[in-house]
Structure formats: structure tokens, C-alpha cells
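**Q** Below is a structure I'd like to ask you about.
The values are calculated or read from the model by the stated rules, or taken from the named source; none is laboratory data. Model, not experiment: these values are computed from the prediction. Here the Cβ is made from the backbone with ideal geometry for all residues, glycine too, and neighbour counts use every protein chain on show.
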Amino acid sequence: MNRIGIIGAMELEVEELISKLENAKITEKTGKKFYEGKLNGKDVVIVQCGIGKVNSAICVQLLADLFDVDAVVNTGVAGSLRAEINIGDIVVSTDAVEHDMDVSPLGYEPGIIPQMEESFFKADRKLVEKAIEVCKKVNPDISVYEGRVLSGDQFISSAEVKDRLIATFDGSCTEMEGASIAHCAYLNKIPYVVIRAISDKADGSAHMDYPEFERAAAAHCAKLVENLMNII
Ligand code: ADE
């Protein structure tokens, strides 16, 4: 892989990687800054896409059209959907689905996008395996899991919604960009992986600690992504 696009929604999720970029060149498009340079010896383009499915999809398209990336890595935080996946742990995507896509009144299963061949977008197996291998090396104090990423334009913070998502989609974590990044990567035939560190349990618990957990989780992810660059 010659050039990797790295996307994070929030400043917290990309600032550390941007600070480590060598020979950074900035291009602005759609109000977003694309940072080209070398990260750990690899040509990369890093962008803070902003929150949600539309912002993140736009950035994948720009990474494909303007920067000719041949893989996309999404880094950031997420809410856990499994009891065994704790705050601080990392989930690497097996696949990703837009949990708020719902055309069920017309007979489609939740999450299914009518008139598309795929709605559960599979991550690139090599990227998944390498991410897990690197995570075990650089973050030995936490656990890393493979699993389905559920994305929607909603911050999930109720046990009821969480339970519905688990029952409907059997996901491992929930966030707001991974599946739209996967969707856009699929349409452009670009391999992708989502790497998310758990910042909360998606059930409204432990609100007071969220900012602290979020920061520690983002740091785990950044460390993994940086160390992934020289082996892909
Ligand atoms: N990002 C981090 N935690 C989240 C949650 N609970 N729901 C959606 N996005 C998130």
C-alpha cells in the first residue's frame, strides 16, 4: 500500500498523529484540512472529518479523488456493545453497518440499503489482522477484539437503544462514522479498516468520566495507527 488515508472525526482523534507527521503539507477542501506527509515512514493523508456519516463519507471521497489513497483507516472512539469489551479496549472492524438505515416499512431488514448489493461492508482482512497484531504489541495493557461496527447519526446513551442495536445487528461497538467510511470505501473499491477505542458503555452510565476516558481511548488508538503504518 503506497498511500494511506487516515480519518478521525474529532480533533482529539487525529491531533497526535498530525503532530507526528513529517513534511506536512496542508490542502483545504470542503472546509476540512487534509494533512499530507510521512507517518512512521509511510505516505499518509490525515483528515479530521467532523462528526457523522455525511462528513466522513465526503472525506473518503476526497481522499480517493484528490489524494489517490489506496487504503483508508478510521481511528477514534466508540461505545461498547458487549459486556466483555471494556472502556479503554480496542475494537477492530470485521464489517460495518449503518444502524439508522431503516426501510423496514417497505419490507427490508433494518440496516439494509435498498438497491445495493452490500449493506454490511467487510473490512480488509489483512488490515484487520495487522491492526490486531500491532495492538497486542503496543497496547499490551488492554484487550483487542474483532467485531461489527454499528454507525449512525446518534450518540447512543440509553440501555434500551443499546439493547435494540445488539439484538438487531449483533455489533461490538457503536459510533458515528465507521460504516459511512466503509460504504464510501466499498463504492470506490478501496480497502478499509475501522479501529475504535472504547470510551463508554453506550448506556448513559459514568457520564462524569467520559472526557477522561475519551482522551485515554483516543491515545490508545493513535498509538496503534502510528505503529501500523510501517507494516502495511
Ligand atoms: N462515540 C463514542 N461513544 C459513542 C456512543 N455511545 N454513541 C455514538 N458514538 C460514540
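**Q** List pairs: first in the range 197-211 and assigned to a loop (DSSP other than H, G, I, E, B) and within 11 Å of the ligand (Cβ to nearest atom), second β-branched (Val, Ile, Thr) and at pLDDT below 85, Cβ under 8 Å, 6+ apart or cross-chain?
**A** none
**Q** A further question on this structure: So which of 205, 180, 172, 199 ends up being surrounded by fewer than 23 Cβ atoms within 10 Å (Cβ to Cβ) and among the small types (Gly, Ala, Ser)?
**A** Selected residue: 205, the only one of 205, 180, 172, 199 that is surrounded by fewer than 23 Cβ atoms within 10 Å (Cβ to Cβ) and among the small types (Gly, Ala, Ser).
**Q** Pick from the range 74-85 the residues that are of a type outside the set (D, E, K, R) and out of contact with any helix residue (DSSP H, G or I) (no Cβ under 6 Å at 6 or more places or on another chain): which of them is nearest to the ligand (Cβ to nearest atom)?
**A** To start, the set of residues in the range 74-85 that are of a type outside the set (D, E, K, R) comprises 74-81, 83, 85.
Okay, now just the ones that are also out of contact with any helix residue (DSSP H, G or I) (no Cβ under 6 Å at 6 or more places or on another chain), so 78-80, 83, 85.
Details: 78: 5, 79: 3, 80: 8, 83: 15, 85: 12 Å.
Ranking the qualifying residues of the range 74-85, first place goes to 79.
**Q** Please return the ranges of strands (runs of 3 or more DSSP E) entirely within the range 14-108 where 3 or more residues are farther than 26 Å from residue 137 by Cα.
**A** 22-29, 32-39
**Q** So, in the range 151-163, of the ones that are within 16 Å of residue 83 (Cβ to Cβ) and within 9 Å of the ligand (Cβ to nearest atom), which residue ends up farthest from the chain's Cα centre (by Cα)?
**A** Applying the filter and picking the extreme gives 162.
**Q** In the range 133-143, what residues are buried (at least 18 other Cβ atoms within 10 Å of the Cβ) and either under 16 Å from the mean Cα position of the chain (by Cα) or without any contact (Cβ under 8 Å) to a residue 40 or more places away in the chain (or both)?
**A** 135 - this is the single residue of the range 133-143 that is buried (at least 18 other Cβ atoms within 10 Å of the Cβ) and either under 16 Å from the mean Cα position of the chain (by Cα) or without any contact (Cβ under 8 Å) to a residue 40 or more places away in the chain (or both).
**Q** A further question follows. With respect to the numbered conditions (1) free of Cβ contacts under 8 Å to residues at least 60 places away in the same chain; (2) hydrophobic (A, V, I, L, M, F, W, C); (3) over 27 Å from residue 212 (Cα atoms); (4) not in a loop (DSSP other than H, G, I, E, B), which one is the sole condition not fulfilled by residue 127?
**A** (1)
**Q** Hey, could you check the range 164-195 for residues that are within 9 Å of the ligand (Cβ to nearest atom) and within 19 Å of residue 54 (Cα to Cα) and say which is nearest to the chain's Cα centre (by Cα)?
**A** Selected residue: 177.
**Q** Of the conditions (1) touching a strand residue (DSSP E or B) at 6+ places or on another chain (Cβ under 7 Å); (2) more than 19 Å from residue 174 (Cα to Cα), residue 114 satisfies every one except a single condition; which number is it?
**A** Failing condition for residue 114: (1).
**Q** Which condition does residue 214 not pass, out of (1) away from the ligand (no atom under 12 Å from the Cβ); (2) touching a residue at least 24 places away in the same chain (Cβ under 8 Å); (3) in a helix (DSSP H, G or I); (4) within 23 Å of residue 6 (Cα to Cα), if it passes all the others?
**A** Single failed check for residue 214: (1).
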